[in-house]
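Data block below; observations after.
The values are calculated or read from the model by the stated rules, or taken from the named source; none is laboratory data. What you see is a predicted model; the values in this text were computed from it and never measured. Glycine gets a Cβ as well: all are built from the backbone with ideal geometry, and neighbour counts include every protein chain shown. To get the accessible areas, we keep the full protein, side chains included, count just its heavy atoms, and leave off ligands, DNA and RNA. Shrake-Rupley method; radii C 1.70, N 1.55, O 1.52, S 1.80 Å.
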Amino acid sequence: MTPILELRDVEAGYGPFRALFGVSLAVEAAEAVALVGANGAGKTTLARVASGLVAPSAGTVLVDGEEIGSGRPSAWRFVRAGVAHAPEGRSVFASLTVEENLALSFHRAFGRAGLAGALDRAYELFPRLGERRTQVAGTLSGGEQRMLSLARVLVESPRLLIADELSLGLAPMIVDQVFETLGRIRAAGTALLIVEQQVGHALELCDRAAVMEHGLITWQGPSNEAGAVLESRLFETGAAR
Amino acid sequence: MSGAAGFFEDLFRGLLQGTPPGAVYALIALGFVLTYKTSGVFNLAFGAQAYISAAMYFKAHTLWGWPKWAALVVSAFVLAPLIGLVLERLIFRHLRTASAVSKLVVALGLSVALPELFNQAARFTAVAGRQITGIMPDGSSVFYDPFGVYRFNRDELAMMAVALAATLLLAALFRFTMIGLAMRAVVESPRMTELSGINADRTSAFAWALSSTFAGLAGVLIAPRFNSLISTDFFTLVVIAVAAAAVGKLVSLPRALLGGLGLGWFIAVFNTFLPRWSGDHTWLRPFQENLTPSLPFVVLFAILVLWRAIGREREASDPLSGVDPPPPALAALERHPKLTLFTRLFGVGFVAVVGSVVWFRAGVLWMHLVTTAVIMAVIYLSVTVITGMAGQISLCQGTFAAIGGFTIFQMADRFNMSVLAAALLGAGVAAAVGALLSLPVLRLGGVWLAIATLAFAFFFDAVMVKFSWVGGGTTALLTGTRVPRPLVGPIDFASDRAFLVLAVVVLVVVSVVVIQLREGTVGRTLTALRGSEVAAASIGISAARARIVAFAVSAAIAGLGGALLSMHQQNVNYSTNFGPVNALFWLVIVVALGARTVEGAIQAGAAFALFEPLILKGDLLAWILRGDDHLPGLFPIPGSWRLVLFGMMAIQFARHPEGLVEHGKRRSAARINRWLEAREGAAS
Ligand SMILES: Nc1ncnc2c1ncn2[C@@H]1O[C@H](COP(=O)(O)OP(=O)(O)OP(=O)(O)O)[C@@H](O)[C@H]1O
Ligand SMILES: [Mg+2]
């Protein structure tokens, strides 16, 4: 079976700076993969390459076995092919209202007819957003902004969801709720690629894990073995430096 | 009929009369706001785009004899959107993350380059005496009088109908489709928009095509109101549209519409009543003569200065800007000591050679051109201070220079004052005006500052110049604004050589002042602030003071330069030298060649005066080839190509804010540095 997403020997960076040095990773349908590693290892860069935000300087990115776009980064093609990306950090349109933020995605995904229903589902997921639907997103609290960018991708139930530091800045209760929702959409058939600092949560949810160090994937395997590997690796690298 | 009934009838007539032009202002304002909202570009090239469509329509209908509908379709619905698409694809798509100010400079470069590019490409020249016709058959000769007070002609009806249709279309677009929302989203973050599954490139291309169509339509519709097609008239039109758009803080489409209509009504009503009142009250008369043409600029300036909320909102920043690589570092400033020595020697040698050639060999014409170059370099140093050091765009440097020129004219004419003393006085007056102007205007910052200074320049042009204590009034019409050359003791600067020496001395002194300013506290504060409004707000008082000083010094330099130029030409020649649209080219040429350094200003001065005769006319090549007869048939190249060239160079401002030539020099300096270091490494 062809994986939904496959990176082959991908190199990428920013201007003259290299962040990835030949990374290969595949995510099969309905599979959940956790991507873990130290700060600055290149996890976010990998997520950006996987969703078309950053074009690889070498190697290929395949969605359903096919290359998407040609050279120019074109994230919208990835989205239309079913790969959604909840980026790291604040990722809302500050000058649009909550509802407009959501409508932008939902209108494309569900059409005019499905828009209202999708909005309802988002507000059901995060009631706080429902209360603030006419508020300009830039004035939402940090946690509320996270919820908004999550609601956008969760409701759509894409075929693959790339989630970068989902839990950052959310209250513990909301974090639990978010992981619960992730579990649910996973059960419904969405594949996941999850970048997390809260390794425990992530490994629990996922069946496979990949460890990144200095722009390379240095270990891949079942997530229940990852904990031990991670400990020894981090210890080693810590000792080496 | 008299009294209240008559008053209301006149008022009603004024409103009706003001509606057609108001509709066109609204059309431009809508397009302008659309561009600003959907690409963050303060598109001063809008007038150039309108001009091109108007000229195309004129050419197709009047000169080629096409039917009106075909000419309209080609000029407004094919050419106009096409220009928008090309601009988006080639330029603005790559500038999405650039600052609003650099996009403004790019648009300014375009506004200088585009009309000439069209004129040359289409071999278009304004044909005097050929009536510019509207879009309707018998447009100006068939009238309708629905209310019995004002007769609309067909063209006016068409203006209103087109504006109405365009407004409805736009409203429907925003109301019933997602494209309006997508266009707003793209400005804030093209990447986030893409993550919502929307093609950001296509969205902004659509927005550009649409807004450019508005520009083209407006150009075709308004053209019959002008006597002949001149691109600068259309630039003025855009400033009017900006006034309308400012009513909606540049972002509200409905308010821009109202602003346009309101401006049309206001002007018409004003014109209806003021002449009547000034018949009774003679003290109103100068206002009537002077104020009417400048109403839009007064309104614009008033909105900018008095409306506290304007210019307050920050640009929403792209949350995904972290995806972009850091901007490339400016090429190194440090030079290898040998290189510095070499460039210094070369500079001195070059000046000595050119100087002696000019001194001993140059005829009257070349002496004149070189002197102009030196004086323009002085004026351009004022741009170095305000734009290069303070990072602000001032579009009224021509006005400051004119103040210098007019001061010596008035002082010499009325009080027989020594012109050199008057020149210093002129610099002082310009500095005072600059400081005064900076107080309300500096609060605005960025794009708003640029536009406020532009409004000021147009206001000065339309009102102040007409007062006899400024521009000489009727005396000037009879005798011109004549200015004598200075006479100091035994030295009579009426001699062109002596005057050249004077100009060079002034240039050296001003250069030293600018360098001192840059190295001092003010300069350092300004460098720390450059381009960052947030930093300015957090540093507070000393930042404000540094900026006021920069503004005043810059105005003084411009004033001094303007005085010199007037002495040189022995006349102020206000409109050819200092008119607001002409002075825009100053900024463009300085920014193109290097706004950060004294050297850049000198290059720009030389380019302004010498590029056309030396390069375009082919004199340099002829000299190299030893004789005119060997010149390729290409020469002489029309002088207006310099507008195209420098306009296109200014477009690079967003990528190379230090100026293209400066950028090139720094790069090659870095290369030579590396080579020298490598050689030393090999030797040791
Ligand atoms: N826009 C950029 N320009 C230049 N370098 C960048 C840019 N974005 C990231 N980097 C660099 O790329 C490297 C990898 O960054 P990345 O964000 O992928 O790390 P990460 O694994 O996500 O780290 P974290 O766990 O802290 O989020 C880092 O060294 C970072 O400094
Ligand atoms: Mg990261």
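With respect to the conditions (1) touching a residue at least 60 places away in the same chain (Cβ under 8 Å); (2) in contact with a Phe, Trp or Tyr (Cβ under 9 Å, 6 or more places away or on another chain), residue B:473 falls short on a single one, namely (1).
Conditions tested, residue by residue: (1) open to solvent by less than 10 Å² (accessible area, probe 1.4 Å); (2) in the same structural domain as residue B:565 (by TED's automatic domain parsing); (3) of a type outside the set (Asp, Glu); (4) part of a helix (DSSP H, G or I).
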| site | (1), (2), (3), (4) |
| --- | --- |
| B:343 | no, no, yes, yes |
| B:350 | no, no, yes, yes |
| B:365 | no, no, yes, yes |
| B:378 | yes, yes, yes, yes |
| B:381 | yes, yes, yes, yes |
| B:398 | yes, yes, yes, yes |
| B:401 | yes, yes, yes, yes |
| B:435 | no, yes, yes, yes |
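Against the list (1) within 17 Å of the chain's Cα centre (by Cα); (2) within 12 Å of chain B (Cβ to nearest Cβ); (3) without any contact (Cβ under 8 Å) to a residue 60 or more places away in the chain, the condition residue A:44 fails is (3).
Would you say residue A:8 is within 14 Å of chain B (Cβ to nearest Cβ) and either among the polar types (S, T, N, Q) or away from ligand 2 (no atom under 16 Å from the Cβ) (or both)? Against the criterion (within 14 Å of chain B (Cβ to nearest Cβ) and either among the polar types (S, T, N, Q) or away from ligand 2 (no atom under 16 Å from the Cβ) (or both)), residue A:8 does not qualify.
I'm trying to understand the selection: among the residues of the range B:148-174, which are touching a strand residue (DSSP E or B) at 6+ places or on another chain (Cβ under 6 Å) and either crowded, with 18+ Cβ neighbours inside 10 Å or modelled with pLDDT of 90 or more (or both)?
So the first thing to find is which residues in the range B:148-174 are touching a strand residue (DSSP E or B) at 6+ places or on another chain (Cβ under 6 Å), and the list is B:151-153.
Within the range B:148-174, B:152, B:153 qualify.
For the range A:85-101, a tally of residues being open to solvent by 10 Å² or more (accessible area, probe 1.4 Å) and either facing chain B (nearest Cβ under 8 Å) or touching a residue at least 60 places away in the same chain (Cβ under 8 Å) (or both) returns 6. When residue A:51 is tested against (1) under 25 Å from residue A:183 (Cα atoms); (2) within 9 Å of ligand 1 (Cβ to nearest atom), just one condition goes unmet, and that condition is (2). Only one of the numbered conditions (1) more than 22 Å from residue B:605 (Cβ to Cβ); (2) open to solvent by 40 Å² or more (accessible area, probe 1.4 Å) is not met by residue B:456, and that is (2). Within the range A:38-48, the set of residues being out of contact with any Gly (no Cβ under 7 Å at 6 or more places or on another chain) and either more than 6 Å from ligand 1 (Cβ to nearest atom) or of a type outside the set (Gly, Ala, Ser) (or both) comprises A:38, A:39, A:44, A:45, A:46, A:47, A:48. You will find that of A:202, A:191, the residue that is out of contact with any Gly (no Cβ under 6 Å at 6 or more places or on another chain) and away from ligand 1 (no atom under 16 Å from the Cβ) is A:191 and no other.
Restricting A:225, A:180, A:231 to those that are surrounded by fewer than 16 Cβ atoms within 10 Å (Cβ to Cβ), modelled with pLDDT under 80 and assigned to a helix (DSSP H, G or I) reduces the list to A:231. In the range B:183-197, of all residues being under 31 Å from the mean Cα position of the chain (by Cα) and within 9 Å of chain A (Cβ to nearest Cβ), the one that is most open to solvent (accessible area, probe 1.4 Å) corresponds to B:184. Taking residues in the range B:83-99 that are in contact (Cβ under 8 Å) with a residue 40 or more places away in the chain, and partners anywhere that are acidic (Asp, Glu) and buried (at least 16 other Cβ atoms within 10 Å of the Cβ), the pairs with Cβ atoms closer than 7 Å and at least 6 places apart or on different chains are B:93/B:201; B:97/B:318.
Looking for whichever is over 21 Å from the mean Cα position of the chain (by Cα), aliphatic (A, V, I, L, M) and more than 12 Å from chain B (Cβ to nearest Cβ) here; the options are A:151, A:113, A:118. Which one fits? Before you say what the answer is, go through the steps one by one.
Values: A:151 fails: over 21 Å from the mean Cα position of the chain (by Cα); A:118 fails: over 21 Å from the mean Cα position of the chain (by Cα).
Step by step, each of A:151, A:113, A:118 is checked, and only A:113 is over 21 Å from the mean Cα position of the chain (by Cα), aliphatic (A, V, I, L, M) and more than 12 Å from chain B (Cβ to nearest Cβ).
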